[in-house]
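A.B. asks: I am attaching a structure below and will ask some questions about it afterwards.
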Amino acid sequence: MKIPSSISAFRRSPGGPSFWRRAVAMIGGAFVAVLVFEVALKVVEVSPLWRVLPLVEPILGEPDARMGYAFTPGAEGIWIEENRARIRINALGLRDAEREIEKKSGTFRVGLVGDSMVEALQVDQSQTFSAIAERDLKSKGVNAEVVNLAMAGMGPLRQLVRMEASGYPLNLDLAVFVLNVNDFLTSDMTDDSAFTAYRRGADGYLSRSERFRERRSVRLRNTVFGRTFVWSYQNSAVFRLLYQRLRRPWRSVLNLPAPPPARVAQTDACFNDALDAQFALWTQQQPASAWAVTAHFLDDAQRSLDAAGVPTVVMIRALWLPPLVCAEARERRAATLAAIQTSLSAHGFGSLDINTEVDQALGLPDGGSDAHGPLHGFGVRRGRGHLNLLGHQTYAQILEAVVAARIPASAMFRY
Amino acid sequence: MLFSSLAYALLVFAARTLSRWTRRPGFVLLLGSVVFYVVAGPVDSAIFFGAVLLNWGVQYVTPPNRIRILLAVLLNIGLLAFFKYKGIFLGETAGSFIDIALPLGISFYSFQALAYHIDVVRGDTRPARSLLSFALFKGFFPQLVAGPIVRAKELLPQVEAAVDGYIRKHPLVSWGLLLCLMGLVKKVILADSLSPFVDEIFQQHPGDTYTAWLGALLFAFQIYFDFSGYSDIALGSAYLLGFRLPVNFRTPYVSLGPREFWRRWHVTLSRWIQDYLYIPLGGSRGSALRTAMVLVMTMSLAGLWHGANATFVIWGLGWGLYILCGRLAGQRFVLPWPLRWTGHIALVTVLWVFFRSPSISYAFDYVAVMFGFPSDGSTASQFPPVAAIGVAALFLLHWFEARCNTRRTLFALRRLNTPFFWGLNICLAVLIILVPLNNENPFIYFRF
């Protein structure tokens with residue numbers, strides 16, 4: 001069989017280098033390219049160009065035996081989704097300013113826990129609503145600290161675990177949970193593959209389960225391999241880039257166009273579907289399995305917070321307020337909110353509805369999610385989900401009122 | 001399939017490897033083109049392959065005379081009119097059975113096919129020998145979607161050689177790889193980074209003169225980096241596959257006047273317009289008035305080619321008038337080059353506003369803000385003065401690109417044509433492709 005000329009070209013020829021020498025040279029070139037790219041990304045990060053040029057998203061956390069996943073103390077990076085912001089995780093592993101574990105006497109310390117809305121990686125630390133509220137309180141003579149314990153994706157139980165792991169050691173005077181009510185209806189509360197969740201034991205009772213500790217990433221975290229891996233993705237942009245991209249579906253890795261959606265969902269201007277589900281859960285205790293988990297969580301949280309002696313306020317989020325024209329939906333929402341607040345109160349928790357508070361803060365008579373649009377998003381094609389600067393200022397007012405109502409006289413500055 | 005995707009890089013690699021290992025490189029390249037187009041979707045593919053067959057049919061059934069040209073015009077301009085300009089002829093067509101999205105690359109392959117038939121009839125080129133070579137000429141994937149608009153005499157001989165089993169092995173692999181890398185840098189690093197700022201300014205309507213100029217200048221660079229980046233990747237990947245395509249951009253913002261600009265911006269379209277519109281309509285042969293009318297009409301049609309929106313027509317009309325004024329002024333008003341360049345770039349930038357704006361009224365409002373007449377409801381600028389330094393840096397980069405784009409660079413590359421440099425280029429290109437988080441930035445000219 002005749003060998004095609006191009007294959008024979010790879011064989012050693014009298015005038016050129018061998019195939020292997022060429023291959024080694026190409027690999028050498030690729031290695032230099034990786035170094036050049038790494039240096040280029042570092043230069044972008046430290047120069048003003050970080051606001052404009054492409055960057056690799058940071059990974060600020062690592063597998064954790066207690067939480068499943070936690071911030072790495074001292075981790076740094078530039079957040080690039082929705083809005084760009086320089087992020088630094090403090091020495092306690094919190095998305096917050098540096099804090100002492102020991103609370104100074106006379107200080108009123110608040111632990112704020114929530115999901116990505118509270119974590120607020122899209123803005124600078126000083127622009128988060130926890131930081132603004134603390135600043136404003138101090139400017140009014142209140143010696144308060146608002147410690148941000150939030151992390152993206154934290155549902156109710158993860159927030160409680162976070163509070164226990166990172167909040168209680170800080171000797172808190174007040175715990176504030178920002179709970180997305182829709183999280184009570186997801187499987188996160190019962191799926192322990194990645195984080196703590198409730199599982200029904202052989203005795204039929206629900207209890208906390210931490211099967212995520214069997215995950216390879218958690219098991220290997222404290223081995224040399226695990227430490228090297230975490231160090232690599234937190235310090236090498238190229239490593240992080242390859243790690244993040246190659247974990248995606250092959251269609252995304254190849255940049256092939258996504259298939260068209262099977263069905264475009266109809267817009268539900270009155271939020272009927274979401275409100276019906278919440279109404280059924282809180283007033284009719286349906287579905288029974290979801291209510292069992294919800295009730296168990298409330299009992300669990302009450303036991304934990306009572307034992308720690310921390311008064312608690314729950315800020316209820318994402319119970320959307322329908323516009324005035326949706327009278328029936330508004331009634332259902334009011335009944336749902338009353339049921340939620342009754343349940344929380346029965347467990348000793350204070351509560352408030354963020355939607356109502358935002359409407360009052362903005363002077364809006366009506367409601368509806370569109371009315372809160374200016375609080376979310378950072379511009380065209382930059383994402384619309386998280387709080388922008390106006391959103392943080394508004395939420396800060398609400399949080400400030402919550403804290404101010406519970407401040408003892410001893411926490412006022414003495415002049 | 002985006003040029004700035006791993007899928008495209010793999011397609012080029014597979015087509016290059018297989019076309020060298022097989023005795024039928026033409027067939028492999030056509031297969032590559034089919035794969036490239038099928039990824040775009042079945043409707044786009046069916047329209048494209050239907051257009052190929054119909055154009056081949058026109059050549060097959062008609063003698064090389066005016067009848068063939070007439071049929072070719074009816075077919076290709078008819079396709080364009082049907083898919084691109086139906087809104088103008090039929091009004092609002094939403095919900096009608098012909099409400100199909102603009103097929104990918106239709107403006108480019110329609111013009112290319114039309115030019116082919118005219119060239120064959122004129123005797124400027126030989127007709128394609130087979131359907132395979134004609135299909136590959138029309139569908140050669142590096143130039144399929146957004147040009148360059150290649151003339152038959154440039155590409156057809158290369159295509160027929162490939163169909164005959166001979167594929168040219170360009171020795172300067174580094175050149176092809178470097179072109180691809182430069183294109184990716186322009187598209188992914190520069191154009192896509194400018195895009196959110198431009199969208200922000202044009203979406204919110206600028207509130208002051210500074211922001212308005214900033215938005216327009218940033219768009220000028222965004223569209224340049226986007227389109228010339230695409231063209232660089234097209235030229236580079238064609239070169240790696242053994243083909244040479246004509247250069248489409250020669251750093252247009254270093255030009256000092258309108259005619260020079262069009263010799264540097266979208267060169268193959270300028271050449272097409274000159275050869276198949278401007279000269280056949282009379283060119284500069286008639287009276288001054290007729291020449292002026294032909295010029296303005298030609299440029300307006302060139303604007304219309306970009307899309308069925310009056311903003312494009314106004315953009316083209318503006319260019320026609322600008323070129324006309326440049327001609328009339330001639331050598332009578334020779335300003336020092338810094339003033340000429342500044343005035344010229346300012347005019348180019350103002351014209352880009354019409355290209356980018358959603359409507360004529362919006363464009364005029366925007367231009368009014370540029371010249372210090374803010375409209376009602378204008379807001380204060382959110383952009384710091386330091387952003388102007390960024391624009392200056394972009395001009396500097398452009399000037400540097402013009403300085404580097406010389407034969408001397410090519411000679412220098414000969415020394416770098418080593419496996420080490422190939423590995424460096426390929427790895428950098430792959431890393432750049434992987435950087436963006438999403439694929440929401442298709443090439444701007446893909447939609448034309």
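The values are calculated or read from the model by the stated rules, or taken from the named source; none is laboratory data. Predicted model only: the values in this text are computed from it and were never measured. For neighbour counting, all protein chains shown are included, and Cβ atoms are generated from backbone atoms with ideal geometry for every residue, glycine included.
A.B. asks: Out of all the residues in segment A:271-321, which are among the aliphatic types (A, V, I, L, M), exposed (fewer than 14 other Cβ atoms within 10 Å of the Cβ) and under 17 Å from A:Thr336 (Cβ atoms)?
C.D. replies: none
A.B. asks: From the residues in segment A:265-301 that are among the polar types (S, T, N, Q) and out of contact with any helix residue (DSSP H, G or I) (no Cβ under 7 Å at 6 or more places or on another chain), which one is nearest to A:Gln159 (Cα to Cα)?
C.D. replies: Among them, the one singled out is A:Ser289.
A.B. asks: Further question: Report, by residue number, each residue of segment B:161-180 that is outside any loop (DSSP other than H, G, I, E, B) and either without any contact (Cβ under 8 Å) to a residue 40 or more places away in the chain or at the interface with chain A (Cβ under 10 Å from one of its Cβ atoms) (or both).
C.D. replies: B:Ala161
A.B. asks: Somewhere in segment B:16-24, is a residue in contact with a Pro (Cβ under 6 Å, 6 or more places away or on another chain), crowded, with 20+ Cβ neighbours inside 10 Å, among the polar types (S, T, N, Q) and within 13 Å of another protein chain (Cβ to nearest Cβ)?
C.D. replies: Yes: one or more hits.
A.B. asks: Checking B:Phe27 against (1) more than 27 Å from the chain's Cα centre (by Cα); (2) crowded, with 17+ Cβ neighbours inside 10 Å, only one condition comes out false. Which one?
C.D. replies: (1)
A.B. asks: Would you pick out the residues in segment B:196-220 that are in contact with a Leu (Cβ under 9 Å, 6 or more places away or on another chain) and not aliphatic (A, V, I, L, M)?
C.D. replies: Scanning segment B:196-220 gives B:Phe197, B:Pro206, B:Phe219.
A.B. asks: Any residue that is surrounded by fewer than 16 Cβ atoms within 10 Å (Cβ to Cβ), among the small types (Gly, Ala, Ser), over 28 Å from A:Val181 (Cα atoms) and free of Cβ contacts under 8 Å to residues at least 60 places away in the same chain - is there at least one of those in segment A:83-99?
C.D. replies: Yes.
A.B. asks: Looking only at segment A:78-104, which residues are under 18 Å from the mean Cα position of the chain (by Cα) and more than 14 Å from every other protein chain (Cβ to nearest Cβ)?
C.D. replies: Within segment A:78-104, A:Ala85, A:Arg86, A:Ile87, A:Arg88, A:Ile89, A:Asn90, A:Leu92, A:Gly93, A:Leu94, A:Arg95, A:Asp96, A:Ala97 meet the criteria.
A.B. asks: Being over 19 Å from A:Arg51 (Cβ atoms), basic (Lys, Arg) and crowded, with 22+ Cβ neighbours inside 10 Å: is that true of B:Lys186 here?
C.D. replies: yes
A.B. asks: Within segment A:179-197, is even one residue farther than 30 Å from A:Val314 by Cα and buried (at least 17 other Cβ atoms within 10 Å of the Cβ)?
C.D. replies: The first filter runs over segment A:179-197 and keeps only residues farther than 30 Å from A:Val314 by Cα, leaving none.
Checked segment A:179-197: no residue is farther than 30 Å from A:Val314 by Cα and buried (at least 17 other Cβ atoms within 10 Å of the Cβ).
A.B. asks: So B:Phe36 passes all but one of these: (1) surrounded by fewer than 20 Cβ atoms within 10 Å (Cβ to Cβ); (2) more than 17 Å from B:Leu131 (Cα to Cα). Which condition number does it fail?
C.D. replies: If we test B:Phe36 against (1) surrounded by fewer than 20 Cβ atoms within 10 Å (Cβ to Cβ); (2) more than 17 Å from B:Leu131 (Cα to Cα), just (1) comes out false.
A.B. asks: Residues of segment B:323-343 being over 19 Å from B:Ala212 (Cβ atoms) and either touching a residue at least 60 places away in the same chain (Cβ under 8 Å) or under 26 Å from the mean Cα position of the chain (by Cα) (or both), which ones?
C.D. replies: B:Ile323, B:Leu324, B:Cys325, B:Gly326, B:Arg327, B:Trp337, B:Arg340, B:Trp341
A.B. asks: For residues that are touching a helix residue (DSSP H, G or I) at 6+ places or on another chain (Cβ under 7 Å) and of a type in the set (Gly, Ala, Ser), scanning just segment B:194-228, find the one that is farthest from the other protein chains (Cβ to nearest Cβ).
C.D. replies: B:Ser228
A.B. asks: Further question: Pick from B:Arg129, B:Arg122, B:Arg168: which is out of contact with any Ser or Thr (no Cβ under 9 Å at 6 or more places or on another chain), surrounded by fewer than 18 Cβ atoms within 10 Å (Cβ to Cβ) and either modelled with pLDDT of 90 or more or under 30 Å from B:Phe420 (Cβ atoms) (or both)? Write out each step before concluding.
C.D. replies: Working: B:Arg129 fails: either modelled with pLDDT of 90 or more or under 30 Å from B:Phe420 (Cβ atoms) (or both); B:Arg122 fails: either modelled with pLDDT of 90 or more or under 30 Å from B:Phe420 (Cβ atoms) (or both).
Going through B:Arg129, B:Arg122, B:Arg168 in turn, just one is out of contact with any Ser or Thr (no Cβ under 9 Å at 6 or more places or on another chain), surrounded by fewer than 18 Cβ atoms within 10 Å (Cβ to Cβ) and either modelled with pLDDT of 90 or more or under 30 Å from B:Phe420 (Cβ atoms) (or both): B:Arg168.
A.B. asks: For the subset of segment B:390-431 comprising residues that are away from chain A (no Cβ under 14 Å) and of a type in the set (Phe, Trp, Tyr), which member is farthest from the chain's Cα centre (by Cα)?
C.D. replies: The extreme case among them is B:Phe411.
A.B. asks: To continue, here is another question. If B:Leu413 satisfies every condition in (1) at pLDDT 90 or above; (2) among the aliphatic types (A, V, I, L, M); (3) closer than 28 Å to B:Ala146 by Cβ but one, which is the exception?
C.D. replies: Result: B:Leu413 fails condition (1) only.
A.B. asks: Given the options A:Ser345, A:Ser410, name the one that is hydroxyl-bearing (Ser, Thr, Tyr), more than 24 Å from A:Asn182 (Cβ to Cβ) and either loosely packed, with under 13 Cβ neighbours inside 10 Å or at pLDDT below 95 (or both). Reasoning before the result, please.
C.D. replies: Numbers: A:Ser345 fails: more than 24 Å from A:Asn182 (Cβ to Cβ).
Result: A:Ser410 is the single residue among A:Ser345, A:Ser410 that is hydroxyl-bearing (Ser, Thr, Tyr), more than 24 Å from A:Asn182 (Cβ to Cβ) and either loosely packed, with under 13 Cβ neighbours inside 10 Å or at pLDDT below 95 (or both).
A.B. asks: Collect the residues in segment A:180-238 that are of a type in the set (S, T, N, Q) and closer than 23 Å to A:Trp282 by Cβ, keeping them in residue-number order. Walk me through how you get there before you give the answer.
C.D. replies: Step one: of segment A:180-238, the residues of a type in the set (S, T, N, Q) are A:180, A:182, A:186-187, A:190, A:193, A:196, A:207, A:209, A:217, A:222-223, A:228, A:232, A:234-236.
Correct list: A:Asn180, A:Asn182, A:Thr186, A:Ser187, A:Thr190.
A.B. asks: Given (1) at pLDDT 90 or above; (2) under 25 Å from B:Gly139 (Cα atoms); (3) crowded, with 22+ Cβ neighbours inside 10 Å, identify the lone condition not met by B:Ala162.
C.D. replies: For B:Ala162, the exception is condition (1).
A.B. asks: How about segment B:2-64: which helices (runs of 4 or more DSSP H) wholly inside it have at least 3 residues that are under 14 Å from B:Gly105 (Cβ atoms)?
C.D. replies: Because the criterion is at least 3 residues that are under 14 Å from B:Gly105 (Cβ atoms), the helices (runs of 4 or more DSSP H) in segment B:2-64 that meet it are B:25-40, B:42-61.
A.B. asks: Would you mind stating whether A:Asp192 is part of a loop (DSSP other than H, G, I, E, B), among the charged types (D, E, K, R) and in contact with a Lys or Arg (Cβ under 6 Å, 6 or more places away or on another chain)?
C.D. replies: Considered against the rule, which asks whether it is part of a loop (DSSP other than H, G, I, E, B), among the charged types (D, E, K, R) and in contact with a Lys or Arg (Cβ under 6 Å, 6 or more places away or on another chain), A:Asp192 comes out as yes.
A.B. asks: Taking into account only those residues within segment A:105-120 that are buried (at least 24 other Cβ atoms within 10 Å of the Cβ) and under 18 Å from A:Leu387 (Cβ atoms), which is nearest to the chain's Cα centre (by Cα)?
C.D. replies: So in segment A:105-120, the residues buried (at least 24 other Cβ atoms within 10 Å of the Cβ) come out as A:110-114, A:118-120.
Keeping just the survivors that are under 18 Å from A:Leu387 (Cβ atoms) gives A:112-114, A:118-120.
On the way: A:Leu112: 13, A:Val113: 10, A:Gly114: 7, A:Val118: 7, A:Glu119: 6, A:Ala120: 8 Å.
Filtering segment A:105-120 for residues that are buried (at least 24 other Cβ atoms within 10 Å of the Cβ) and under 18 Å from A:Leu387 (Cβ atoms), the one nearest to the chain's Cα centre (by Cα) comes out as A:Glu119.
A.B. asks: Next question. Residues that are within 14 Å of chain B (Cβ to nearest Cβ) and without any contact (Cβ under 8 Å) to a residue 24 or more places away in the chain: which helices (runs of 4 or more DSSP H) entirely in segment A:237-356 hold 1 or more of them? Lay out the reasoning, then the answer.
C.D. replies: Working: elements: A:237-246, A:250-253, A:272-284, A:288-308, A:327-346.
Qualifying helices (runs of 4 or more DSSP H): A:237-246, A:250-253.
A.B. asks: Could you pull out the residue among B:Ala329, B:Ala363 that is surrounded by fewer than 17 Cβ atoms within 10 Å (Cβ to Cβ), more than 14 Å from chain A (Cβ to nearest Cβ) and over 30 Å from B:Trp175 (Cβ atoms)?
C.D. replies: None of the others qualify; the one that does is B:Ala329.
A.B. asks: Quick check on my filter: what residues within segment B:321-349 are over 23 Å from B:Thr251 (Cβ atoms) and in contact with a helix residue (DSSP H, G or I) (Cβ under 7 Å, 6 or more places away or on another chain)?
C.D. replies: Of everything in segment B:321-349, those that are over 23 Å from B:Thr251 (Cβ atoms) and in contact with a helix residue (DSSP H, G or I) (Cβ under 7 Å, 6 or more places away or on another chain) turn out to be B:Leu321, B:Leu324.
A.B. asks: Quick one: count up the residues across segment A:19-35 that are within 7 Å of chain B (Cβ to nearest Cβ) and of a type outside the set (Lys, Arg).
C.D. replies: Residues that pass the stated criteria total 9.
A.B. asks: Would you be able to say whether some residue in segment A:4-15 is modelled with pLDDT of 90 or more and charged (D, E, K, R)?
C.D. replies: no
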